[in-house]
1. Which FRET efficiency value, to the nearest 0.05, do you get for residue 73 and residue 29 by plugging their Cβ-Cβ distance into 1/(1 + (r/R0)^6) with R0 = 35 Å?
2. Suppose a student asked you for the relative contact order of the chain, using Cα pairs under 8 Å spaced at least 6 residues apart; what percent would you report?
3. Test of understanding: what is the full-extension gain from residue 66 to residue 16, defined as 0.36 nm times their sequence separation minus their Cα-Cα distance?
4. Got a sec to turn the phi values of region 53-58 into Karplus ³J(HN,Hα) couplings, 6.51 cos²θ - 1.76 cosθ + 1.60 with θ = phi - 60°, whole Hz, x for Gly and Pro?
5. Work out the FRET efficiency for residue 39 and residue 9 from their Cβ-Cβ distance, taking R0 = 35 Å, and round it to the nearest 0.05.
Amino acid sequence: MRVYLFIAAIAGGTTWLVTPLVRHLAIEIGAVGEVRARDVHTVPTPRMGGLAMLIGLAVAIIFASKMPFISGLLPGRTRHG
């Protein structure tokens, strides 16, 4: 159980760390939602948060593939041990 919590923490932590970088990238390339009359927010909102979550997931999967406890569950990997 601790292994799964550790992997979830890696995914969450990576996402939290990468989000400001992705937000800055979204603003730089213009990937922002324009403010409409019915919106609550008053400034344009960056729209690339899914990319930060994808990076967090990818990093967690890479970490999981290196752990002996989980490596046997992933396709193409054999358990050494």
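1. 0.40
2. 33
3. Going from the current span to full extension adds 15.8 nm.
4. With the stated coefficients, region 53-58 comes to 5, 5, 5, x, 5, 4 Hz.
5. So, using R0 = 35 Å, E works out to roughly 0.55.
All of the numbers you see were taken from the coordinates with simple rules; none came from a lab. Keep in mind it's a predicted model, so treat the numbers as computed, not measured. We place every Cβ from the backbone using ideal geometry, glycine too, and count neighbours over all the protein chains shown.
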